[in-house]
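Novice: This is the structure I want to talk about, given as structure tokens.
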2 protein chains.
Amino acid sequence: MFFVDTMETAGLGNRSYLAGGRHSALVVDPPRDIDRVIAAAARRGVRIALVVETHLHNDYVTGGLELARVTGAAYLVPAAAPVSFDRVPVADGDTAPVDEGLTVRAMATPGHTPHHTSYVLEEDGRPVAAFTGGSLLIGSVGRPDLVEPRLTAVLARAQHASAHRLADELDDAVPVLPTHGFGSFCSSAQADGDTTTIGAERARNDALVKDVDTFVAELLAGLDDVPAYYAHMGPANAAGPDPIDLIPPARADAEQIARRLAAGEWVVDLRSRVAFAEGHVAGSFNFEGEGQLATYLAWLIPWGRPVTLLAHTADDVAHAQRELARVGIGRPVAVATGDPQTWVRTTDELRSFRRSDFAGLAAARERGEQPVILDVRRDSERRAGAVVGSVHIPVHELPKRLHDVPGGKVWVHCAGGMRAAIAASLLDAADREVVAVDDGFAAAEAAGLTIAAPASGAPASKTGTAPAAA
Amino acid sequence: MFFVDTMETAGLGNRSYLAGGRHSALVVDPPRDIDRVIAAAARRGVRIALVVETHLHNDYVTGGLELARVTGAAYLVPAAAPVSFDRVPVADGDTAPVDEGLTVRAMATPGHTPHHTSYVLEEDGRPVAAFTGGSLLIGSVGRPDLVEPRLTAVLARAQHASAHRLADELDDAVPVLPTHGFGSFCSSAQADGDTTTIGAERARNDALVKDVDTFVAELLAGLDDVPAYYAHMGPANAAGPDPIDLIPPARADAEQIARRLAAGEWVVDLRSRVAFAEGHVAGSFNFEGEGQLATYLAWLIPWGRPVTLLAHTADDVAHAQRELARVGIGRPVAVATGDPQTWVRTTDELRSFRRSDFAGLAAARERGEQPVILDVRRDSERRAGAVVGSVHIPVHELPKRLHDVPGGKVWVHCAGGMRAAIAASLLDAADREVVAVDDGFAAAEAAGLTIAAPASGAPASKTGTAPAAA
């Protein structure tokens with residue numbers, strides 16, 4: 001008798017697992033908000049006996065240490081991970097009892113990191129689940145370039161070998177339960193389906209169907225941008241993260257919000273891009289609370305800068321605070337909720353800007369307007385096609401490159417509208433006239449705009465305009 | 001619809017509460033091991049919306065701050081409590097929503113501390129439960145002498161007034177749900193029964209049936225010793241306690257145990273007093289893991305001294321570690337479990353001493369032996385009667401007063417055997433010949449020993465022998 005419960009952290013595209021038997025369980029790669037994990041164990045009626053890390057994470061702050069401290073679980077961390085806190089060092093082949101008849105076995109699977117370790121749950125000696133962390137994912141593997149450029153090629157080869165080791169040592173029926181690959185930038189590609197097994201991966205995973213040289217070449221060629229905040233996660237996890245702090249922040253009035261903005265702090269409006277465009281505090285930025293708030297805010301903000309949150313409700317704030325805590329952004333210094341009109345002093349007005357779509361952009365051009373068209377997607381997305389004449393600055397580069405945006409009215413677009421809203425708010429805060437294109441990129445061509453695809457393998461210049469022809 | 005769940009912390013004689021409705025709940029005076037609280041909320045399927053403290057606790061380290069940090073609950077602390085962390089300050093009459101139709105109302109009830117606050121749970125405006133912390137207890141009240149001697153008389157009078165305020169403002173049917181009084185030294189007497197109501201207390205609680213002068217005089221006359229470790233709890237709670245650390249300690253071998261003992265550290269054997277007397281590491285002390293381990297170890301140990309635990313099983317260690325964490329004794333520096341023979345170097349022997357009972361003591365005297373009879377009970381217990389000729393040193397004073405124990409063989413007794421076992425281990429570690437009287441004190445008279453009751457109100461001299469006659 002064993003169970004495996006999946007705990008989703010959708011905002012980061014990661015999964016954690018609670019797995020065990022009648023009395024006790026292990027937790028794999030817990031998120032920083034450990035109350036969810038303790039609650040999951042309580043619902044199962046089990047004690048958390050073991051907390052295991054597959055690797056030193058680069059995309060989020062682990063809750064492993066705090067979970068172990070709070071519950072008394074043994075904290076198993078790959079022995080070679082350079083951490084500065086007490087833990088049970090784990091080496092290849094080590095086993096630990098989970099519950100009656102249930103054992104977990106460590107299997108060294110380097111690739112995502114040099115020390116990466118998978119954990120195989122065994123029932124009466126028979127493997128019943130493989131927690132593969134950032135090694136073998138659903139139709140993909142964990143990216144090998146997050147540790148150190150010098151090691152990337154070596155780790156890519158190791159990733160191929162680790163996938164083969166898992167496939168060689170485990171039966172086709174064994175479920176593969178990875179941590180990354182559900183939107184996480186730690187994955188080299190996103191999950192193809194929701195569940196998988198060793199057998200399913202054996203049939204279609206590049207690491208298992210392609211020879212090592214082809215696999216490595218394609219893996220390295222396909223790597224996307226890495227969120228800048230990743231640089232802070234490894235050190236935080238190695239030092240032993242501070243305990244999470246989800247205590248509701250202090251309330252700010254309009255005067256305080258104005259003072260914080262004047263001091264250069266970030267005031268982040270969590271409302272929908274529709275509501276933000278209609279009326280917002282001058283100088284505030286729009287990172288919608290739903291979706292990838294944590295990834296994008298952590299990516300763009302100067303690290304350590306105090307954050308004030310604006311939102312409809314206290315629940316929206318609590319949700320965002322939890323998302324941000326997971327990536328190491330501490331308790332907001334202040335919050336305001338309710339009517340946006342109360343966020344500005346009576347002498348101030350709410351600002352607004354226009355929202356439109358690609359058809360609107362095409363119509364403006366028809367009328368003879370020559371606005372700046374700003375594409376804030378990533379290089380990898382732009383390679384597949386861009387509006388002719390558009391300027392390209394990925395949204396994560398925009399805060400430091402506002403001066404690279406040509407003068408005049410700016411129409412800003414991304415692939416779906418969320419990042420365009422972020423970018424529009426950044427430009428609006430810099431007093432630029434902006435129109436946010438709230439539209440899917442597929443609509444650009446349908447609207448009659450000319451799309452140019454840069455030659456394969458040659459990314460468009462980051463500041464240049466798209467070539468006139470592919 | 002509301003519920004109240006009681007969370008017992010038996011080792012400290014305290015209760016915490018989880019109370020709420022369908023979706024969310026408040027927690028009153030949470031223990032430091034917050035995983036129990038999160039699990040209780042998960043079993044109820046509710047979110048913890050509020051964590052409230054009735055007062056700055058003097059008998060344990062609160063889990064309130066960490067529980068709020070981990071769950072995102074608002075942390076309500078009486079406004080006048082001098083804390084150095086962010087919290088929601090609570091004043092008399094303040095209310096906070098708990099769930100639909102459920103509100104909690106703060107009621108200033110000074111006495112146990114100057115800022116002590118009770119919390120009344122109201123359903124649709126009607127009081128349905130009173131969380132009285134250390135004010136009105138079951139048949140008793142919280143003691144007023146834990147804050148500052150200068151304030152004790154004033155607080156005793158305030159306690160009387162607070163009890164009356166609760167009785168005046170609440171209906172007879174309202175359940176009274178105190179934090180203290182279940183063995184806690186914070187109570188001026190121990191609970192008479194397991195549950196109570198305003199009506200039941202109105203009929204029998206001294207604070208409600210006696211005039212203030214009589215009540216105060218009797219309260220102050222009846223106060224028992226205060227565990228020394230209490231001095232460290234207030235400051236820890238005011239500063240904001242460190243997060244709990246229940247991570248399993250490192251294992252010590254015989255060599256390390258010997259080294260730690262030689263360095264003056266405390267090595268504490270958690271096994272039963274029977275097992276300890278039969279064979280133990282020379283120099284180790286016996287604090288049984290079951291019962292009031294935390295109170296007595298925290299009371300006796302020089303504060304901050306590293307602790308090594310010896311026990312039958314890792315579970316025994318985990319249980320003890322949790323108990324000790326609640327009173328601010330951090331993770332043990334080392335542990336050893338299993339066969340005691342493995343706790344000593346092969347060149348060393350386990351030590352042992354004799355256990356007996358009052359009949360054995362009487363028989364020894366019959367044979368003409370003149371052993372030292374050491375009574376390690378508290379003053380308050382000794383006042384009710386003592387073996388004639390016995391020496392009195394309360395167990396909590398013994399570590400610093402070993403030189404006050406007269407020479408020769410020592411028979412040590414308490415009221416039931418547990419404290420005698422502690423004392424015997426202290427004496428044995430100091431190389432004294434000792435017999436532990438593992439017996440209830442009532443058996444002393446039955447065994448033919450002469451019992452003398454000191455005159456009422458005149459405590460026996462702490463070092464003197466019991467008077468020959470009352």
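The values are calculated or read from the model by the stated rules, or taken from the named source; none is laboratory data. None of the values given here were measured: they were computed from a predicted structure. Methodologically, a virtual Cβ is constructed for each residue, glycine included, from the backbone with ideal geometry; neighbour enumeration extends over all protein chains shown. The area values use the complete protein model at the heavy-atom level, side chains included, leaving out ligands, DNA and RNA. Shrake-Rupley method; radii C 1.70, N 1.55, O 1.52, S 1.80 Å.
Novice: From the list B:ALA263, B:ALA258, exactly one residue is modelled with pLDDT under 95 and either crowded, with 17+ Cβ neighbours inside 10 Å or outside the structural domain of B:VAL226 (by TED's automatic domain parsing) (or both). Which is it?
Specialist: On the way: B:ALA258 fails: modelled with pLDDT under 95.
Result: B:ALA263 is the single residue among B:ALA263, B:ALA258 that is modelled with pLDDT under 95 and either crowded, with 17+ Cβ neighbours inside 10 Å or outside the structural domain of B:VAL226 (by TED's automatic domain parsing) (or both).
Novice: Is it true that some residue in segment A:321-334 is on the phi > 0 side of the Ramachandran plot, surrounded by fewer than 18 Cβ atoms within 10 Å (Cβ to Cβ) and in contact (Cβ under 8 Å) with a residue 24 or more places away in the chain? Steps first, answer last, please.
Specialist: Just the residues of segment A:321-334 that are on the phi > 0 side of the Ramachandran plot, to begin with: A:328.
Keeping just the survivors that are surrounded by fewer than 18 Cβ atoms within 10 Å (Cβ to Cβ) gives none.
For segment A:321-334, residues on the phi > 0 side of the Ramachandran plot, surrounded by fewer than 18 Cβ atoms within 10 Å (Cβ to Cβ) and in contact (Cβ under 8 Å) with a residue 24 or more places away in the chain: absent.
Novice: Here's a follow-up. Against the condition surrounded by fewer than 23 Cβ atoms within 10 Å (Cβ to Cβ) and away from every other protein chain (no Cβ under 14 Å), how does B:VAL4 come out, does it pass?
Specialist: Working: surrounded by fewer than 23 Cβ atoms within 10 Å (Cβ to Cβ): yes; away from every other protein chain (no Cβ under 14 Å): yes.
Here the answer is yes, as B:VAL4 does meet what is asked.
Novice: Now for a different question. What number of residues within segment A:317-340 are farther than 25 Å from A:MET233 by Cβ and not aliphatic (A, V, I, L, M)?
Specialist: Total meeting the criteria: 4.
Novice: Then there's this: B:PHE131 versus (1) open to solvent by 10 Å² or more (accessible area, probe 1.4 Å); (2) under 24 Å from B:GLY11 (Cβ atoms): which is the lone unmet condition?
Specialist: All conditions pass for B:PHE131, except number (1).
Novice: Now for a separate question. Mind checking which residues of segment A:210-256 are touching a Gly at 6+ places or on another chain (Cβ under 9 Å), within 25 Å of A:ALA336 (Cβ to Cβ) and among the charged types (D, E, K, R)?
Specialist: The one that is touching a Gly at 6+ places or on another chain (Cβ under 9 Å), within 25 Å of A:ALA336 (Cβ to Cβ) and among the charged types (D, E, K, R): A:ASP245.
Novice: Another question, then. Considering only segment B:41-89, state which residues are open to solvent by 10 Å² or more (accessible area, probe 1.4 Å), free of Cβ contacts under 8 Å to residues at least 40 places away in the same chain and away from chain A (no Cβ under 14 Å).
Specialist: Selection gives B:ALA79, B:ALA80.
Novice: Against the conditions (1) within 14 Å of another protein chain (Cβ to nearest Cβ); (2) among the hydrophobic types (A, V, I, L, M, F, W, C); (3) under 21 Å from B:SER16 (Cβ atoms), where does B:MET233 fall short? Just the number, please.
Specialist: Failing condition for B:MET233: (1).
Novice: Here is a follow-up. Anything in segment B:236-251 that is away from chain A (no Cβ under 14 Å) and surrounded by 14 or more Cβ atoms within 10 Å (Cβ to Cβ)? List them, or say none.
Specialist: Filtering segment B:236-251 for residues away from chain A (no Cβ under 14 Å) gives B:236-239.
Of everything in segment B:236-251, those that are away from chain A (no Cβ under 14 Å) and surrounded by 14 or more Cβ atoms within 10 Å (Cβ to Cβ) turn out to be B:ALA236, B:ASN237, B:ALA238.
Novice: Another question, if that's okay. Report the residue count in segment A:389-414 for those that are closer than 18 Å to A:ALA446 by Cβ and open to solvent by 40 Å² or more (accessible area, probe 1.4 Å).
Specialist: Total meeting the criteria: 0.
Novice: For B:ALA203, state whether it is open to solvent by 60 Å² or more (accessible area, probe 1.4 Å) and either part of a helix (DSSP H, G or I) or away from chain A (no Cβ under 14 Å) (or both). Before the answer, list the steps.
Specialist: Details: open to solvent by 60 Å² or more (accessible area, probe 1.4 Å): yes; either part of a helix (DSSP H, G or I) or away from chain A (no Cβ under 14 Å) (or both): yes.
So B:ALA203 fits the description; yes.
Novice: Determine if segment B:170-192 includes at least one residue that is part of a helix (DSSP H, G or I), open to solvent by 50 Å² or more (accessible area, probe 1.4 Å) and more than 27 Å from B:GLU323 (Cβ to Cβ).
Specialist: no
Novice: In segment B:218-235, which residues are farther than 22 Å from B:ILE138 by Cβ and of a type in the set (A, V, I, L, M, F, W, C)? Before you say what the answer is, go through the steps one by one.
Specialist: First, the residues of segment B:218-235 that are farther than 22 Å from B:ILE138 by Cβ: B:228-229, B:231-235.
Answer for segment B:218-235, where residues must be farther than 22 Å from B:ILE138 by Cβ and of a type in the set (A, V, I, L, M, F, W, C): B:ALA228, B:ALA231, B:MET233.
Novice: Among the residues of segment B:280-288, is any part of a loop (DSSP other than H, G, I, E, B), open to solvent by less than 10 Å² (accessible area, probe 1.4 Å), more than 14 Å from every other protein chain (Cβ to nearest Cβ) and of a type in the set (Ser, Thr, Tyr)?
Specialist: Yes, segment B:280-288 contains at least one residue that is part of a loop (DSSP other than H, G, I, E, B), open to solvent by less than 10 Å² (accessible area, probe 1.4 Å), more than 14 Å from every other protein chain (Cβ to nearest Cβ) and of a type in the set (Ser, Thr, Tyr).
Novice: Could you list, in sequence order, all residues of segment B:387-430 that are farther than 19 Å from B:VAL268 by Cα and basic (Lys, Arg)?
Specialist: Within segment B:387-430, B:ARG401, B:LYS409 meet the criteria.
Novice: Given the conditions (1) within 14 Å of chain B (Cβ to nearest Cβ); (2) part of a helix (DSSP H, G or I); (3) touching an Asp or Glu at 6+ places or on another chain (Cβ under 8 Å), report the number of the one that A:HIS319 does not fulfil.
Specialist: The failed condition is (3).
Novice: Report the residue count in segment A:96-116 for those that are open to solvent by 10 Å² or more (accessible area, probe 1.4 Å) and either within 14 Å of chain B (Cβ to nearest Cβ) or not in a loop (DSSP other than H, G, I, E, B) (or both). Step through it out loud before you land on a result.
Specialist: Residues of segment A:96-116 open to solvent by 10 Å² or more (accessible area, probe 1.4 Å): A:96-97, A:99-101, A:103, A:105, A:108, A:110, A:114-115.
In the following step, the residues that additionally are either within 14 Å of chain B (Cβ to nearest Cβ) or not in a loop (DSSP other than H, G, I, E, B) (or both) were identified as A:96-97, A:99, A:103, A:105, A:108.
So the answer is 6.
Novice: Any residue in segment B:218-227 that is farther than 27 Å from B:THR62 by Cβ, outside the structural domain of B:VAL395 (by TED's automatic domain parsing), of a type outside the set (Gly, Ala, Ser) and not in a helix (DSSP H, G or I)?
Specialist: no
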